[in-house]
Amino acid sequence: LDHTILCSVTPLPSNNTANDENRNDSNGGGEESSLIKPPTIHHFDQIDDDFPYTPLTVANTRTYFRPGAKVALWLCSKLGICHVYTAAQESYTMNILQELDPNKEVFRGVVLHRTGYPRIVRDGKDLTVVMGGGGTSNDDDGGANNDKKEPNDIRLERAILFDDKVSNFKPQKYENGVSVLPFSEERLNKCLGS
């Protein structure tokens, strides 16, 4: 998700809230804030539990959607079944999906994240896992899907993985992957004209 279809910026200023669109970007000391100027592209604020927060925190992260990403995902969903395969933790993934696909019309397939399938971080993204094969390893967490198919029943020629990290294509021997230019904070700033 991050850097492929969205860019999350943390931390937000302590006086920022999810509804504060017209905030002053100065930090009170006369210096310009290093944060991005008020957004002009689709975004939402959320709590990312990888970063510090308290029960009173409204948000600690602003997440921007890459321009055109929602339309591209919608088009992909009309051509096939879209899965989510991310190294993000479960809470972050669910926050993103609630905003990106609240009616569950785009992502009708498997949702895998590092909480339920930690090998993603270490080994890359094995497409046989989301396609029902349980992965190529016999590790304890190798079976993320209980409805396992036989290896010959999995048609990888009909699968595409879009990702900003080429290393995630390793389980398929770098086939089936489309390398996406990362939607980084620098690229976001260019989109915002900053």
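Amide H of LEU112 versus every other amide H placed in the peptide plane: which residues, excluding those fewer than 5 positions away on the same chain, fall under 5 Å?
VAL84, TYR85, THR86
Which entries of LYS70/LYS165; LYS70/LYS190; LYS78/LYS125; LYS165/LYS190; LYS78/LYS165; LYS104/LYS173 have Cα-Cα distances beyond 27 Å here?
As for pairs spanning more than 27 Å Cα to Cα, those are LYS104/LYS173.
How much FRET efficiency would the formula 1/(1 + (r/R0)^6) give for MET94 and LYS173, where r is the Cβ-Cβ distance and R0 is 35 Å, rounded to 0.05?
According to the calculation, E is roughly 0.65.
With θ set to phi - 60° and the Karplus curve 6.51 cos²θ - 1.76 cosθ + 1.60, what are the ³J(HN,Hα) couplings of the range 166-176 in order, to the nearest whole Hz, using x for Gly and Pro?
3J(HN,Hα) across the range 166-176, in whole Hz: 4, 4, 6, 7, 3, x, 9, 6, 6, 9, 6.
I want to make sure I understand the PRE zone here: with the label point 7 angstrom from the Cα of ILE81 toward its beta carbon, which residues in the range 103-130 have backbone N atoms less than 14 Å away?
In the range 103-130, the label zone of ILE81 (backbone N under 14 Å from the point 7 Å along Cα→Cβ) covers 106-112, 127-130.
Not counting ligands, DNA or RNA, and with a 1.4 Å probe, what is SER194's accessible surface area in Å² rounded to the nearest 10?
80 Å²
Taking the mean number of other Cβ atoms within 10 Å as a proxy for protection, how do you rank 80-89, 184-193 from highest to lowest? Present the calculation step by step, with values, prior to reporting the outcome.
Details: 80-89: 18.5, 184-193: 13.6.
The most tightly packed comes first, giving 80-89, 184-193.
Taking H as built 1.01 Å from N, whose amide H comes closer than 5 Å to the amide H of THR4, not counting residues under 5 places away?
For THR4, whose amide H was placed from the backbone, the distant partners under 5 Å are PHE183.
The values are calculated or read from the model by the stated rules, or taken from the named source; none is laboratory data. Predicted model only: the values in this text are computed from it and were never measured. Glycine gets a Cβ as well: all are built from the backbone with ideal geometry, and neighbour counts include every protein chain shown. SASA here: full protein model, heavy atoms, side chains in, ligands and nucleic acids out. Shrake-Rupley method; radii C 1.70, N 1.55, O 1.52, S 1.80 Å.
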